[in-house]
Amino acid sequence: MNAMAATADTERAQRPAVRFEAVTKRYGAVVAVDAVSFDIAPASLVTLLGPSGCGKTTTLRLIAGLEQASQGRILIDGKDVTLLSAAERDVSMVFQSYALFPHMNVMENVSYGLRAMGLGKAEAAERAAEKLSLVGLSGYERRQPSELSGGQQQRVAVARAIVLEPKVLLFDEPLSNLDAKLRRRVREEIRDLQQELKLTVVYVTHDQEEALAVSDRIVVMNAARIAQDGTPRQLYNEPRSSFIADFMGDANVLAVTVESCEDGQAAVKLGPARLAVADRGVGPGPAVLAVRPHAVRIAEGAGRKDVLSGRVLKSSYLGDHMEYRIALADPAAELFASSPDVVRPVAEGAMVSVTFEPAALILMADG
């Protein structure tokens, strides 16, 4: 019996917590999610990331059962839930607005779902108190939502969701109502809680920094499809397209010519400059080069004939670094650059020579 139970546990751990099989969602003639397929491993935090209107929130709502798929299958813990209602799916959702009941105190909000399931008042209160302790809100049980800060309301919403011990916990833009410092703290709390309780979490955001900070995996969506799926490091360092390179942390995308490739290195021509770049499978001919802002090196004064030259259009001080917008002469393009040197900033209007940090250059075939 123990061996059978162990085998069942192993199989459960190996199968996806969530599986999308060619899922499409249409609203009349509009396709909001277009033949999307992915797996989410148990006890992982996966972020759906993308620009507004890309389909990420619709995808989350399809998992929750708040929207019904037009085509394809959705499985949760191996069970086909495509046609099941939200109440039948064993998922909990933390909404952008938190959706706390204003007439209930914290304890009543957190225990509400348990009471609705028929659990006794004492047991529901005990379990709710345990989860409030987990999110650092012991002692707040009798407070009303209006007496809490935005971060505290967020934690009440999380406690209310996890007290039901769902198979999948969903977050819809959970930090959008918080200020920058509080966002950083609360996202760390969510990540710590997810890892401590081994929760399966699907997290929607449009904030790239937030996604990079909390995720085991990121699914980047664009125009209702998956543009790329991978770890934060893979998406940042190994983008497969100029869209991903620019979306994940900003990039200058420049048209270049690959003159030759040898031993994994490409000889690249960019205006008067010749660059040696990892070829990443790109052959000779037209290509694009993604250059991260921190990889741009600028020095005042005209450069050599084989170095790019430009003029500083905009110089901005951001406390711990400078940001520059530079108009290149050849090729005719604009560069966005950042520099940690705030002591000796380059003035607007200054002529500069521009070089790049070779290891941070990303060569791609597409434009």
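The values are calculated or read from the model by the stated rules, or taken from the named source; none is laboratory data. Note that the coordinates shown come from a computational prediction; the quantities given were computed from them, not determined experimentally. Heads up, the Cβs are rebuilt from the backbone with ideal geometry, glycines too, and the neighbour counts pull from every protein chain shown. We work out accessible area using only protein heavy atoms, side chains counted, and drop any ligands, DNA or RNA first. Shrake-Rupley method; radii C 1.70, N 1.55, O 1.52, S 1.80 Å.
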Using the Karplus curve 6.51 cos²θ - 1.76 cosθ + 1.60 with θ = phi - 60°, work out ³J(HN,Hα) for each residue of region 123-134 in order, rounded to whole Hz, and write x for Gly and Pro. 5, 4, 5, 4, 5, 5, 4, 4, 6, 5, 5, 4
Arrange the residues D320, D172, D216 by how much accessible surface each exposes, largest first, with a 1.4 angstrom probe. D320, D216, D172
Residue by residue, what Karplus-based ³J(HN,Hα) values in Hz, rounded to whole numbers, does region 135-143 have, using 6.51, -1.76 and 1.60 with θ = phi - 60° and x for Gly and Pro? 9, x, 10, 4, x, 9, 4, 9, 7
Amide H contacts of V256 (H built 1.01 Å from N, under 5 Å, at least 5 apart or other chain): A287, V288, L289
Region 80-219 shape via C-alpha gyration tensor axes, a/c threshold 1.5: oblate
Between helix 2-14 and the chain: long-axis angle, C-alpha atoms, 0 to 90°, nearest 10: 40
About the Cα centre, charge dipole magnitude for the chain (Lys/Arg +1, Asp/Glu -1 at Cβ), debye: 460
Among the listed pairs K79/K181; K121/K181; K56/K314; K25/K131; K25/K314; K269/K314, those beyond 32 Å (Cα-Cα): K79/K181; K121/K181; K56/K314; K25/K131; K25/K314
Can you give me the P(r) profile for region 250-364? Cα pairs, bins 5 angstrom wide beginning at 0, each as a whole percent. 2, 12, 22, 24, 18, 11, 6, 4, 0
Calculated SAXS-style log₁₀ I(q)/I(0) at q = 0.28 Å⁻¹ - region 313-367, Debye, Cα scatterers: -1.24
Need the C-alpha centroid separation for region 226-296 versus region 203-222, integer Å. 22
Can you run phi through the Karplus equation (6.51, -1.76, 1.60; θ = phi - 60°) for region 190-201 and list ³J(HN,Hα) in whole Hz, with x for Gly and Pro? 4, 5, 4, 5, 4, 6, 5, 8, 6, 7, 8, 10
Rounded to the nearest percent, how much of the accessible area of the chain (1.4 Å probe, protein heavy atoms only) is carbon and sulfur? 50
Sort K305, K198 from largest to smallest accessible area, using a 1.4 Å probe on the heavy atoms of the protein chains. K305, K198
For the chain the mean separation of alpha carbon contacts under 8 Å (6+ apart) over residue count, i.e. relative contact order in percent, is 15
Taking a ≥ b ≥ c as the square roots of the Cα gyration tensor eigenvalues, with a/c under 1.5 meaning rounded and otherwise prolate when a/b beats b/c, else oblate, which class fits region 153-268? prolate
Which cross-chain or sequence-distant (5 or more) residues have an amide H under 5 Å from the amide H of A278, H modelled 1.01 Å from N in plane? A266
Could you give the C-alpha radius of gyration of region 1-148 expressed as a fraction of 2.2 N^0.38 Å, taking N as the number of residues it contains? 1.27
For region 2-237, accessible area per residue (1.4 Å probe, heavy atoms of protein chains only), Å²: 47
